[in-house]
Amino acid sequence: MNAPAIQPELRISLAEWSLHRTIFSGALHPLDFPVVARRDFGIDAVEYVNQFFLPSDLFVAELKRRADGEGVQSLLIMVDVCGRLGDADARLQADAVDRHLRWLDVAAALGCYAIRINARSDGSAEEQTQRMTDGLRRLGAEAAGRGLSVLVENHGGFSSHGDWLAGLMTSVDLPNVGTLPDFGNWYPADEYGGPTPVGKAGLYYDRYLGVGEMMPFALRSVSAKSYAFDEAGNETSIDYARMAGVIAHHGFSGWVGIEYEGTALPETEGIRATKRLLERVIGRQERGM
């Protein structure tokens, strides 16, 4: 039986982190990111990283002007280093919620649909679910008032355990709080504590299982992590064709964001290699192969 086709509206976006070394080196100014996405890579949708923003309303206004001028759609901001939304200390948790509010406002100003956050907490799996549920409901309510969504990525801790993250989404139960499934970031057991859970391949959580567990809660974006490629252009650690099948199985439509993190190729070439591979596997799924 043919695999279900990925919806034709599935599109490729570019995560700013793919160029993090270039930006940190000063060779690329963050304001030029949407320009480079369009002109160098032919990509018309981008995902920002909050670490690359300057603390100025003028920066945000100019970034929007440049993105709009290139016809580039701003999708989301990946928000890091803003406290733990599941902190056991109620004061620190409230502070983390408040620190994320700025990024909701920036996302709204840029015309994004979401921010991506991290599920940071401590304690047992059950305790972390309770604490993150509280933090996410607070942030989700603030986001809803701005017409935005909040996405949780598998990004370390229990969030790199697919069924835990799916359970968190069920617990939060808000239509604008969902997941950003990442092909990578499935860390060893000791990254989140406790014994090796069911569903892990060796010491790592099965990435295809984990993405599949997150897909029912995915809101418009998934993250195509890549590291290295063989001579045929295939990613050496992730079966992209199999991952495309997982996405297709859930009838997903939206954006697949390139997030190249490798070192064997320069960042620009890694982005191009990931784009070629995505175009190939997406086309294969659309033809029902």
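Does the range 136-187 classify as rounded, prolate or oblate by the C-alpha gyration tensor (a ≥ b ≥ c root eigenvalues; a/c under 1.5 gives rounded; else a/b over b/c gives prolate, otherwise oblate)? Prolate, since a/c reaches 1.5 and a/b exceeds b/c.
Using Cα-Cα distances under 8 Å and only pairs 6 or more residues apart, what relative contact order does the chain have, in percent?
On the way: 560 pairs, mean separation 62.6, N = 289.
So the answer I get is 22 percent.
If you find the alpha carbon centre of the range 125-142 and of the range 210-289, how far apart are they in angstrom? When both Cα centres are located, 30 Å separates them.
Please label the shape of the range 23-77 as rounded, prolate or oblate, based on the square roots a ≥ b ≥ c of the eigenvalues of the alpha-carbon gyration tensor (a/c under 1.5 means rounded; beyond that, a/b larger than b/c means prolate, else oblate). The shape class here is oblate.
Taking the average, over residues, of other Cβ atoms within 10 Å as the packing measure, peptides 22-28, 109-115 rank 109-115, 22-28 from highest down. Ellipsoid fit via the Cα gyration tensor, the range 62-124: semi-axes of 30, 11, 7 Å, each the root of five times an eigenvalue, largest first. Considering helices alone, the calculated mean residue ellipticity of the chain at 222 nm is -13000 deg cm²/dmol, with DSSP H runs of length four and up weighted by -39500 (n - 2.57) and normalised per residue. Proximity of backbone amide H atoms, modeled 1.01 Å from N, is registered between Ser149 and Ala114, Ile115 at under 5 Å, excluding neighbours fewer than 5 places apart on the same chain.
Where both bridge residues fall in the chain, DSSP classifies roughly 10% of the beta bridges as antiparallel. Cα-based radius of gyration for the range 213-255, normalised by 2.2 N^0.38 Å, reads 1.27. Computed from point charges on the beta carbon alone (+1 for Lys and Arg, -1 for Asp and Glu), the dipole magnitude for the chain about its Cα centre is near 580 Debye.
Any read-out appearing in this document is the output of simple, stated calculations on the displayed coordinates, not a laboratory observation. Because the structure is a prediction, the values reported are computed rather than measured. Because the Cβ atoms are built from the backbone with ideal geometry, glycine has one as well, and the counts that use them run over all protein chains shown.
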